Amino acid sequence: MKWLLTLSIAQTALLAMLGLRVAAIDLETDQIARDVDAARRIAEAPAPQTPIAPARESASSFGAPLLTAEQARAIFREELAALDIPAAQSATQAKAPAPAQTSPEETRRMAATVAGDINYYKGVGAISPPEMEVLQTKIAKLPLDERRAALTDLAKAMTRGEIDGVM
Amino acid sequence: MMTLNRKLLAAGLAAACASTAAMAGMVQPARVDVDLVNLTAGGDMLSARYAPNKNEFIGCGVRKFDDGAGGATAFGFCQAEDEKGERAFCNTDNEDLLDAIEASADYGYVSFSWDEKTQRCTRIGFSNQSFYVPPNVGSNL
């Protein structure tokens, strides 16, 4: 019950922080839109006798089309939405990591490595406990069919006494 | 007189110890036996551990590995060797057999069977009985 209460308070606090942040972004967006409007008005005005602010001068010197406040808001909303999507994606990925994908070629390579290891230990005639742990870890990474085949080979070799050791 | 008393005391202590041993309950050691004809192995862990040779052992185990997708790859195995040096190894990924292995207890009797072609375990048995428990565990009587 205490946990639920604590979680509820934490959630409320986080929602409040999120709301404040959204409000702040909205204000910034409005301010930038006003600045863009002002820049457009200045650009459309007859050539001034007074010096123009460097930032505005450089903006007009590239010949970029000037935006209305509404267009600027739309662009900012799109940018913010684009920022939100990767965040949502990363949250989902954290909850459910993508399953390990192994290509057939990689599977064959891994199975061949394990088979080679088992043959190596047959040649040596023994396997130590740490070596067995490493081998079992490699076997565990194989897909089910290949894993079963490798464990069959290993158990047969040990039952026959070709590899001395324990699992 | 003093010597006689000491002898009586020693005899009394010996009798007490002997009666304690005699009242320790049923004991049924089962040495490890690997049958490569019928593909079975069995024996109790305590008898294997204190067998008068360097060969005998028996037991089962489970290995689990994080599969990187929120689950685990698991497989289990049973293994045994008897005093003649005959060995048996089997493996399994059957969840019920893995559960059986994980439910095993110390000192119990272990038995298993396997398929010769695949070397997969076809049966895993555990028997936890008082007569497999070592005498030095301590009495509650």
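The values are calculated or read from the model by the stated rules, or taken from the named source; none is laboratory data. Computed from a prediction, not measured in an experiment: that's the story for all the values here. Cβ coordinates were reconstructed from backbone atoms using ideal geometry, including for glycine residues, and neighbour counts include every protein chain displayed. For accessibility, only protein heavy atoms count, side chains too; no ligands or nucleic acids. Shrake-Rupley method; radii C 1.70, N 1.55, O 1.52, S 1.80 Å.
Just name the residue that is nearest to B:Gln119 (Cα to Cα) out of those in the range B:43-67 that are over 16 Å from the mean Cα position of the chain (by Cα) and open to solvent by 40 Å² or more (accessible area, probe 1.4 Å).
The initial filter retains those residues of the range B:43-67 that are over 16 Å from the mean Cα position of the chain (by Cα), namely B:62-67.
Among the residues that remain, those that are also open to solvent by 40 Å² or more (accessible area, probe 1.4 Å) are: B:63-64, B:66-67.
Numbers: B:Arg63: 17, B:Lys64: 20, B:Asp66: 25, B:Asp67: 24 Å.
The extreme case among them is B:Arg63.
Yes/no matrix, rows are residues, columns are (1) within 35 Å of the chain's Cα centre (by Cα); (2) within 12 Å of chain B (Cβ to nearest Cβ); (3) open to solvent by 10 Å² or more (accessible area, probe 1.4 Å):
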| residue | (1), (2), (3) |
| --- | --- |
| A:Asn119 | no, no, yes |
| A:Ala126 | no, no, yes |
| A:Pro130 | yes, no, yes |
| A:Glu133 | yes, yes, yes |
| A:Ile139 | yes, yes, no |
| A:Leu154 | no, yes, no |
request  = Scan the range B:19-31 and report the pairs whose first residue is in a loop (DSSP other than H, G, I, E, B) and whose second residue is at pLDDT below 85, with Cβ atoms within less than 7 Å and a gap of 6+ or a chain change.
outcome  = B:Ala24/B:Pro135
inquiry  = Please go through the range B:60-80 and give me each residue that is within 9 Å of chain A (Cβ to nearest Cβ) and either of a type in the set (S, T, N, Q) or within 20 Å of A:Ile163 (Cβ to Cβ) (or both), ordered by number.
reply    = B:Gly61, B:Arg63, B:Thr73, B:Phe75, B:Phe77, B:Cys78, B:Gln79
message = Within the range B:32-71, take every residue that is of a type in the set (Ser, Thr, Tyr) and touching a Lys or Arg at 6+ places or on another chain (Cβ under 9 Å) and give me the one that is modelled with the lowest pLDDT.
response = B:Ser47
ask   = If the Cβ limit is 7 Å and pairs must be 6+ apart or interchain, which residue in the range A:114-135 that is free of Cβ contacts under 8 Å to residues at least 12 places away in the same chain and in the same structural domain as A:Thr152 (by TED's automatic domain parsing) pairs with which residue that is in a helix (DSSP H, G or I) and open to solvent by less than 70 Å² (accessible area, probe 1.4 Å)?
value = none
query = Which ones in the range B:108-123 are more than 9 Å from every other protein chain (Cβ to nearest Cβ), open to solvent by less than 20 Å² (accessible area, probe 1.4 Å) and not aromatic (Phe, Trp, Tyr)?
reply = B:Gly108, B:Val110, B:Ser111, B:Ser113, B:Cys121
